[in-house]
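J.: The following block contains the structure, expressed as structure tokens.
A short reminder: the numbers here are calculations on the coordinates, not readings from a lab. The structure presented is a predicted model; accordingly, all values stated were derived computationally and were not measured. Methodologically, a virtual Cβ is constructed for each residue, glycine included, from the backbone with ideal geometry; neighbour enumeration extends over all protein chains shown.
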Amino acid sequence: MRRRLILSFLLIALLVNAAAVRAQAGNQLRFCLGSEPKTFDPLLVADDASETVRYLTGGVLMRLNRRSQQLEPELATSWRVTQKGNAITFMLRENVRFSDGTSFSAEDVAYTMQRLMDPALHSPTGDSFRSSDGKVLTQVAGKNRITITFSAPIVGLDKLFDQVAIVSARSPQKERAVLGPYYLAENKAGSYLLLKRNSNYWKHDAAGRQLPYIDSVRLDIQQNRDIEMLRLTRGEIDFINSLNGEYFDKLAARAPQMAFDAGVSLDSEEMWFNLVPTAPLPDYKKAWFASTNFRRAISASIHRDDLARVVFRGHARPAVSWISPANQFWFNQRLRPHAFDRNVALQALGQDGFRLQNGVLRDRGGHAVEFSVITNAGNKDRERMATMIQQDLGGIGIRLNVVTLDFPSLIERITRSFNYEACLLGLVNDDLDPNAQMNVWLSSAENHQWNPSQKAPATAWEAEIDGLMRAQAASLDVKKRKQAIDRVQQIVWEQEPFIYLVNKDALSAISAGLHNAHPVVLRPQVYWNIDQLTLGTEVARNR
Amino acid sequence: MRKLVKHAGRMVIVLLLGGFLGATLVRIAPGYGVDEEELDSRLSQESLQALRQSQVHDRNLASFYLRYWAQLLHGNFGFSVALHEPVRQLLAERFPETLKSIGMGLAIGWMFGLGLATTAVMARSSVIDVGASLLATILLCIPAAVLALLFVIAQAPGRLVIGLVVFPKIFHYARNLLVRSVALPHVLTARAKGLGGLRVFVWHVLPVAAPQLFALAGVSVCIAFAAAIPVEVLCDLPGIGQLAWKAALSRDLELLVNLTMIVTLITLLANSAAELVAQPMRAGEV
């Protein structure tokens, strides 16, 4: 009798386990990509869609935990940065294999770094490591130990490895052989990507079960955000990584358990004037834009609280600086957002000879103040912001014309023809370390948007920013770096080459069937712990 | 035979010109050769310059077009820079999807359009006439994109939208044509002699209307193709229309030139076929 009971118990346990395994086997996570990945080579990733594929498939030596914002060991069990800050030694995990079965060793790390730092590759990830000219040296000491030496110190060196997916030196599949939780199984260009579970993935949970829990990930290419939202509410996809305020509120009203606001993000929305001396603009307009008083007046006449409240439905904060308050260490806590004050704006304008006549602001030469702002078409938030700024500036007699352009046309104007007056755009920021924005703040840089590629700094304050940014990049003393970055924030706050408007919240939507998801501020907000995510049995059954 | 050669010659000229004009428009469009990666603040000056250089390989339009035709004659349709696949492969993957959508759309549009027009005219039913006219007018007023969106919301098959776009055009044209045809003296005489409705339609109305209906068939193929773009984009159907949209957004020159030529070729083939079939009929009438 007892034996029969035990046998029955075992049989039931087996059946339950089999059912669970079957449910797991059929499970597929689905979400949308806004565009086609431009590359599947992890070393050449530059766009969001490719970054998603890299995150899901790439194995890295260490990973920045998106929640704790601390580095955690992955393929490297430990590491040590030298005092000079120009070299790092890794101890690597043993018995790890690529998705195609090729074994992983220090040779692969050396190969990855040599390829990444090859100047001919022009890798954005590689450029993050490039603080000076000179070769990178890799010294392999045994199968599991490697030292990588750079020609000059690199600030935040270890954190940069979060972006370096190791590629195999020997696999015939080249970069398609991966060390991450999934591998690319199918790519229907322009339609969808199918990632399947990497059976050689090294990670196991506390119970010894191999990760990830979800068998496959289907990434549908979907540019239309309305349809993406519709598909989420129908249960066709499991989450939306980034939502705007309007969709968030709609979802929160209908299914509050699906809407997540992780708080203020690192991203900012800003506006700037074209200060390029050779721009095809009338001289009197160039003179307006070059005036600090004019820029301050525009800034003071924009009601940032209203932008946050109306456009972003309260899911944004008035912005202060180029560093978001979410970046607690680097944000200059002494600075406050510029207050909305039309009197302050008119006073500042008065100092430059502007005067308000019959509701129209005129400069010294009698020109009515009118200019256009370009922004990217299809971004509802920016279009609404532009409309609200138009109303705000109308209050001080300025006529603002809003021009929406598709993204390539807009980029052409701000980077090549410089045929624009003002631009409203957002800065997407993935990196907590401000050093990542060197190419925005150096006056010689191409991404110094208001006046790029200057041979010598056009203004004294730009020269000061250049000096401070270079000094912080050369120093490994965090306190000194913080002082320099604080001062840069102060200068930008005073001079307003970028008029910072708002910092948006990190909003996401997650279906009830997706478990273990803990949305965070840093990208990728929802699936940062992809190998821990699970799907409810109901979702698995429906797919 | 001479007519066929003439048609073929005309088609080749239009095709060459269409392709060249398509390439010219893409090439001079604002934002051509620009990549949003240029705003990536991680990129060094050298990488940014290299990225820009990589975008301007087709700076000379004439040389691009000559090179394009040279490789086309060798069966090479070029490479899509936006989707990172050979154009030929993309077309092979997506063409069946669009053919299915257009085939279904044309079948639905013609079945309901011609069917309702014939019923309304031959049965002399004002209820059917007014009802079908109203429906066709409403559908004519709704843009294809809005219809597609409604179908997405209703979770209905997107392919049906092409049928609803084609239907009103077929109905209005066919109805007016048939009304004119049944009013012809020989049809009235046939009716007066007591011939049945079906016989009158098949022997006396249809032969008169057929040449123009064939011309309409050619036009309807173009209408269906044009509707396929918003429908495939919004309903997420991986066909040629969706491909054209993606190619346009990313200024994918080689892909766009190929698609322009394909659409031009299909339009020309449909119209030429209709003309070739209709011409002898018209000659017979005379």
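J.: Sorted from largest down, what three extents in whole angstroms do the Cα atoms of the range B:207-286 have along their principal axes?
T.: 52, 25, 13
J.: List, largest first, the extents of the alpha carbons of the range B:95-196 along their principal axes, each in whole Å.
T.: Projected onto the principal axes, the Cα atoms of the range B:95-196 cover 52, 28, 17 Å.
J.: Which aspartates and glutamates does A:Lys135 reach when only Cα atoms under 14 Å apart count, and residues fewer than 8 places away in its own chain are ignored?
T.: By straight Cα distance, A:Lys135 reaches A:Asp118, A:Asp127.
J.: If you don't mind, another one. Mean shadow of the range A:286-395, computed from the convex hull of its alpha carbons, in nm²?
T.: 8.1
J.: Still on this structure: Could you work out the mean count of beta carbons from other protein chains within 10 Å of each residue's beta carbon in A:402-412?
T.: 5
J.: Please work out the C-alpha center-to-center distance from the range A:354-422 to the range A:457-487 and express it in whole Å.
T.: 31
J.: What is the mean number of Cβ atoms from other protein chains located within 10 Å of the Cβ atom of each residue in peptide A:121-129, rounded to a whole number?
T.: Rounded to a whole number, the mean comes out at 5.
J.: Whole-Hz Karplus ³J(HN,Hα) for the range A:364-370, in order, using 6.51 cos²θ - 1.76 cosθ + 1.60 and θ = phi - 60°, x for Gly and Pro?
T.: These are the phi-based 3J(HN,Hα) values: 4, x, x, 6, 5, 7, 8 Hz.
J.: Shifting gears a bit: For the range A:253-301, what ratio Rg/Rh do Cα atoms give with a Kirkwood hydrodynamic radius?
T.: A ratio of 1.33.
J.: Kindly express, to the nearest 10 degrees and within the range 0 to 90, the angle between helix B:206-234's C-alpha long axis and the longest C-alpha principal axis of chain B.
T.: Once rounded, one gets 30 degrees.
J.: Tilt of helix B:253-285 relative to the longest C-alpha principal axis of chain B, in degrees (0 to 90, nearest 10)?
T.: 20
J.: Taking the C-alpha atoms of the range A:443-505, how large are the radius of gyration and the largest Cα-Cα span, Dmax, in Å?
T.: Reported Rg and Dmax, both Å: 12.6, 37.
J.: Moving on. Cα convex hull of the range A:188-298: mean projected area in nm², to one decimal?
T.: Its Cα hull, projected and averaged over all orientations, spans 14.1 nm².
J.: Let me ask something additional. Quick one: divide the alpha-carbon radius of gyration of the protein assembly as shown by 2.2 N^0.38 Å and tell me what you get.
T.: Working it through for the protein assembly as shown, the quotient is 1.13.
J.: Sticking with this structure for a sec: Using the Kyte-Doolittle scale, which helices in chain A average at least 1.0 and also have C-alpha atoms spread 20 Å or more along the helix axis, with helices defined as whole DSSP H runs?
T.: Length and hydropathy pass: A:2-25.
J.: Something else: Which of B:Phe20, A:Phe31 has the fewest other C-beta atoms within 10 Å, and how do the rest follow up to the most?
T.: Starting with the residue having the fewest Cβ neighbours, the order is B:Phe20, A:Phe31.
J.: I've got another one for you. How far is helix B:240-249 tilted off the main Cα axis of chain B, in degrees rounded to 10, range 0 to 90?
T.: 40
J.: Is there a quick way to get the dipole size of the range B:87-285? I mean about its Cα centre, with the Cβ of Lys and Arg at +1 and of Asp and Glu at -1; what is the value in debye to the nearest 20?
T.: Once rounded to the nearest 20, the dipole reads 640 debye.
J.: When the Kirkwood hydrodynamic radius is evaluated over all pairs of different C-alpha atoms of the range B:56-122, what value in angstrom, to one decimal, is obtained?
T.: Evaluated over the range B:56-122, this radius sits at 15.4 Å.
J.: Let me ask another. Using a Cα-Cα cut-off of under 25 Å, which lysines could be cross-linked to A:Lys480, ignoring same-chain neighbours fewer than 8 residues away?
T.: Qualifying lysines at Cα under 25 Å: A:Lys84, A:Lys159.
J.: What three numbers, in Å, describe the spread of the alpha carbons of the range B:87-285 along their principal axes, ordered from the longest?
T.: Principal extents (largest minus smallest coordinate, Cα): 64, 40, 21 Å.
J.: Arrange the following residues from fewest to most other Cβ atoms within 10 Å of their Cβ: B:Phe95, B:Phe64, A:Phe294.
T.: B:Phe95, B:Phe64, A:Phe294
J.: Still on this structure, please answer the following. Is the C-alpha gyration tensor of the range A:393-543 telling us rounded, prolate or oblate? Criteria: a/c under 1.5 is rounded; beyond that, a/b larger than b/c is prolate, otherwise oblate.
T.: In terms of gyration-tensor shape, oblate.
J.: Based on alpha-carbon atoms only, what is the radius of gyration of the range B:19-59 relative to the globular estimate 2.2 N^0.38 Å?
T.: The value comes to 1.38.
J.: Please report the spacing between the Cα centers of the range B:155-222 and the range B:19-64 in Å, no decimals.
T.: Cα centroid of the range B:155-222 versus Cα centroid of the range B:19-64: 50 Å apart.
J.: Could you rank the peptides A:393-399, B:202-208 by their average count of other C-beta atoms within 10 Å per residue, with the highest value first?
T.: Sorting A:393-399, B:202-208 by mean packing, highest first, produces A:393-399, B:202-208.
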